[in-house]
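One structure is given here, and the rest of the page talks about it.
The values are calculated or read from the model by the stated rules, or taken from the named source; none is laboratory data. Keep in mind that what you see is a predicted model, and the values were worked out from it rather than measured. Methodologically, a virtual Cβ is constructed for each residue, glycine included, from the backbone with ideal geometry; neighbour enumeration extends over all protein chains shown. Surface accessibility is based on the protein's heavy atoms, side chains included, excluding ligands, DNA and RNA. Shrake-Rupley method; radii C 1.70, N 1.55, O 1.52, S 1.80 Å.
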Amino acid sequence: MSATIDTLRTAETLREAGVPVRQASAHARAIDEALSDAKLVTRDYLDMRLRAELATMRDQLTWRLLGGTGVLLALFRFSEWLAS
């Protein structure tokens with residue numbers, strides 16, 4: 001997603017702030033070009049990606065905890081077997 005700006009309005013705002021006309025126009029065009037090449041994302045997209053990443057991490061943690069619990073249970077049973 002790219003963003004565009006109203007270069008005329010931006011240049012007018014810069015001129016009102018005291019920037020010379022040619023510089024204001026050049027700055028407005030430069031900002032527009034920089035934003036048109038930028039790779040921008042929406043907040044909704046970021047939220048979706050974050051939820052997906054957190055779900056993946058939760059699933060991985062769940063399996064690791066289950067695996068660790070299984071190992072502990074096996075060691076406990078093995079120690080009972082050795083003690084008998």
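Which of the residues spanning region 22-40 are farther than 15 Å from THR4 by Cβ and open to solvent by 80 Å² or more (accessible area, probe 1.4 Å)? Break it down into steps so the answer makes sense when it comes.
Within region 22-40, the subset farther than 15 Å from THR4 by Cβ is 22-27.
Correct list: ARG22, GLN23, HIS27.
Going by what's in this entry, would ALA34 be described as modelled with pLDDT of 90 or more and either aliphatic (A, V, I, L, M) or in contact with a Gly (Cβ under 7 Å, 6 or more places away or on another chain) (or both)?
Values: modelled with pLDDT of 90 or more: no; either aliphatic (A, V, I, L, M) or in contact with a Gly (Cβ under 7 Å, 6 or more places away or on another chain) (or both): yes.
It is false that ALA34 is modelled with pLDDT of 90 or more and either aliphatic (A, V, I, L, M) or in contact with a Gly (Cβ under 7 Å, 6 or more places away or on another chain) (or both).
Being among the hydrophobic types (A, V, I, L, M, F, W, C) and in contact (Cβ under 8 Å) with a residue 24 or more places away in the chain is the filter; apply it to region 1-21 and report the residue that is surrounded by the most Cβ atoms within 10 Å (Cβ to Cβ). So that I can check it myself, show each step before the final result.
Here is the first cut: in region 1-21, the ones among the hydrophobic types (A, V, I, L, M, F, W, C) are 1, 3, 5, 8, 11, 14, 17, 19, 21.
Those left that are additionally in contact (Cβ under 8 Å) with a residue 24 or more places away in the chain: 1, 3, 5.
Numbers: MET1: 8, ALA3: 11, ILE5: 14.
Per the stated criteria, the residue is ILE5.
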